[in-house]
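Below: one structure, written as structure tokens.
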Amino acid sequence: GADEKTSLPLHHELFRSRFDHAWLAPSLAAALADGSEAALRAILTEEVAGRVFSFEMLQPAFCAQLLAECERYEASGQPVQRPNSMNNYGLILNQIGMRPLLDDLQARVVLPLTRLLFPRQGSSFSAHHSFLVKYRQGEDLGLDMHHDDSDVTLNVCLGRQFTGATLSFCGIFGAQDHRRHVHTYRHALGRAVVHLGTQRHGADDIASGERYNLIMWSTGAYRETDEYKAVGQKNLHGTDEHPDTLCLSYTHDPDYGEFKPYPHGKAAKPESRRAHVGRHSAAQAAAKAASLRAAGTDDFKASEWRGGAGEVGA
């Protein structure tokens, strides 16, 4: 019956354990076959110096096959778990039978590049969270600023036709440039961008059409290091001053309302907000409350600052 047909794979090769190098962009396949650092570096575009790199990765025909397979799965009525806490649309590829294929992609395609670009974070991987995200009118238009729960992130555009939907990069989580805009990247079919998980970024709203991306969050031995634990296990949101407004996150930044109005229906997380206020001494909190009132900013939480300053009444 129809149900049987929609539950059967369209492309059985996507459920095998070997990623065919014929699916790769010829320039990438040739560089991997050569294997030298010079050959690999020659295919890379440095989008942000030392931090964000892009390269031609996938053949358009493979992108179309992968999308068709994902749509077939969604139409089958089988359970769909969304990829993360922020995307409302998409699919976890590991859960629909593609983990063996993507294990091979990580080991033979991603790792040779990340080992070269990010030797501390990208020299050995033991796992990945791989998923498809989708942006279109009436669904998710974009994605708020954030950093990823990965050591290294790979993000490759699968199509289809769209305008807008750029990717804006800011600084590194825990660093003073965390919320300073450094670059806006334009997606192109089959082209990948690779960056550290701690790199703050956000998907700018799509203007028309629909955009699909394959994302792989790779993790490994770096998680066991003191360097990772010093940053990865702490809430450092809002600790840097003078952010660029483009780099603010209404989801994560407890001081968002001090700089711009919250989007409709969004508000600060109370526990994050309390932690932010608690970082300030009474004198600092009193000064902050006064400056927020003087600026007439859309921060409805000035009462918390007065409380932090030891003032009575709100």
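The values are calculated or read from the model by the stated rules, or taken from the named source; none is laboratory data. Everything quoted here is computed from the prediction, not taken from an experiment. We place every Cβ from the backbone using ideal geometry, glycine too, and count neighbours over all the protein chains shown. Heads up: the accessible areas ignore ligands, DNA and RNA and are worked out on the full protein's heavy atoms, side chains in. Shrake-Rupley method; radii C 1.70, N 1.55, O 1.52, S 1.80 Å.
Summary table
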item	result
Pairs where the first residue, in the range 243-264, is within 21 Å of Thr166 (Cα to Cα) and the second is in a helix (DSSP H, G or I) and open to solvent by 50 Å² or more (accessible area, probe 1.4 Å), C-beta under 9 Å, 6+ apart	none
Failed item, numbered, when His146 is tested on (1) open to solvent by less than 40 Å² (accessible area, probe 1.4 Å); (2) within 15 Å of Val48 (Cβ to Cβ)	(2)
For Cys63: the one exception among (1) surrounded by 13 or more Cβ atoms within 10 Å (Cβ to Cβ); (2) out of contact with any Cys (no Cβ under 9 Å at 6 or more places or on another chain); (3) not aliphatic (A, V, I, L, M)	(2)
Scan of the range 29-57 for residues that are in contact with a strand residue (DSSP E or B) (Cβ under 6 Å, 6 or more places away or on another chain), more than 24 Å from His181 (Cα to Cα) and touching a residue at least 24 places away in the same chain (Cβ under 8 Å), ordered by number	Glu56, Met57
Residue list for the range 223-250, restricted to those being in a helix (DSSP H, G or I), at pLDDT 80 or above and in contact with a helix residue (DSSP H, G or I) (Cβ under 8 Å, 6 or more places away or on another chain)	Arg223, Tyr228
Residue that is least open to solvent (accessible area, probe 1.4 Å) [pool: residues in the range 200-228 that are over 25 Å from Leu189 (Cβ atoms) and of a type in the set (S, T, N, Q)]	Thr219
Conditions (1) in contact with an Asp or Glu (Cβ under 7 Å, 6 or more places away or on another chain); (2) within 24 Å of Arg186 (Cβ to Cβ): number failed by Leu67	(1)
Subset of the range 190-222 (residues that are modelled with pLDDT of 95 or more, of a type in the set (S, T, N, Q) and over 13 Å from the mean Cα position of the chain (by Cα))	Thr219
Qualifying residue in the range 82-100 (condition: of a type in the set (S, T, N, Q), within 21 Å of Gln199 (Cβ to Cβ) and modelled with pLDDT of 95 or more)	no
Flag if His187 is under 16 Å from the mean Cα position of the chain (by Cα), in a strand (DSSP E or B) and not hydroxyl-bearing (Ser, Thr, Tyr)	no
Those residues of the range 73-107 which are under 23 Å from Met57 (Cβ atoms) and over 20 Å from the mean Cα position of the chain (by Cα), in sequence order	Tyr73, Ile96, Gly97, Met98, Pro100, Leu101, Asp104, Ala107
Candidates Ser126, Ser36, filtered to the one that is open to solvent by 60 Å² or more (accessible area, probe 1.4 Å), on the phi < 0 side of the Ramachandran plot, among the polar types (S, T, N, Q) and modelled with pLDDT of 95 or more	Ser126
